[in-house]
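The next block holds one structure in the form of structure tokens; read it before the comments.
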Amino acid sequence: MASYGTLIGRLRQAREYQTQDGGVGLSAYVFHRNGKPLKNTFGKQWRRACIKAGLGRRVENEKGALVYIGKHFHDFGRTAARNMIRGGVPQSVAMRVTGHETDAMFQRYDITDSRDKLEALEAARRFADQQPGLAPNLALI
């Protein structure tokens, strides 16, 4: 096992890069290319693919800049979490599939939509209809 000092030394060495004059520079960034931060090329490619697939578009915002509106990579994680729960997969199993370690983080991905809310109201109405002596339409109040 590497000592703390060895680990710090390796991290510092990973930040070093060769300058244009042949010297050695120390990048301010952990992930860099020649001292400059790496660009998010995946995000650019993702947006381009979504636009091509009809899942997104570029629109002009109030300042006149083009902004992307559409699907984001994490949307598919949310969809997977929601579909597993809707499909009856226990939350503990769904959390293992999505890689979430805490209930709080998983709940951020287990998003409800209007269909979920409508199904909940319908279930409540069915339950109320089966209760003797409960006035109709008062079950949801």
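Going by accessible surface with a 1.4 Å probe and the largest first, Glu60, Glu101, Glu16 read Glu101, Glu60, Glu16.
Using a probe of 1.4 Å, the accessible surface attributed to Leu11 totals some 100 Å² when neighbouring protein chains are kept in position.
In a DSSP loop and with at most 13 other Cβ atoms within 10 Å, the chymotrypsin sites (Phe, Trp or Tyr not before Pro) in the range 1-41 are Tyr29, Phe31.
With θ taken as phi - 60° and the Karplus curve 6.51 cos²θ - 1.76 cosθ + 1.60 applied, the whole-hertz 3J(HN,Hα) list for the range 20-28 is 5, 8, x, x, 10, x, 10, 5, 6 Hz, x standing for glycine and proline. Pairs of Lys residues in the chain that lie 8 or more places apart, or on two chains, and have C-alpha atoms under 29 angstrom apart add up to 13. Measuring with a 1.4 angstrom probe and ignoring ligands and nucleic acids, Ile8 comes out at about 80 Å² accessible. Charging the Cβ of each Asp and Glu at -1 and of each Lys and Arg at +1, and nothing else, the dipole of the range 1-75 about its Cα centre rounds to 280 debye. Rounded to the nearest whole angstrom, the semi-axes of the ellipsoid equivalent to the range 19-141, taken from the Cα gyration tensor as √(5λ), stand at 48, 21, 13, largest first. When +1 charges are put on Lys and Arg Cβ atoms and -1 charges on Asp and Glu Cβ atoms, the dipole computed for the chain relative to its Cα centre reaches about 700 debye.
Working from Cα pairs under 8 Å separated by at least six residues, relative contact order for the chain is 10 percent. Note on exposure: Lys44, Lys52, Lys36, Lys71 ranked by accessible area (1.4 Å probe, complete protein assembly) read Lys52, Lys36, Lys44, Lys71, with the most exposed listed first.
The values are calculated or read from the model by the stated rules, or taken from the named source; none is laboratory data. From a predicted model like this one, the values you see are computed outputs, not experimental measurements. Don't worry about glycine lacking a Cβ; one is built from the backbone with ideal geometry, like all the others, and counts go over all protein chains shown. Quick note on the areas: whole protein, heavy atoms, side chains included, nothing else; ligands and nucleic acids left out. Shrake-Rupley method; radii C 1.70, N 1.55, O 1.52, S 1.80 Å.
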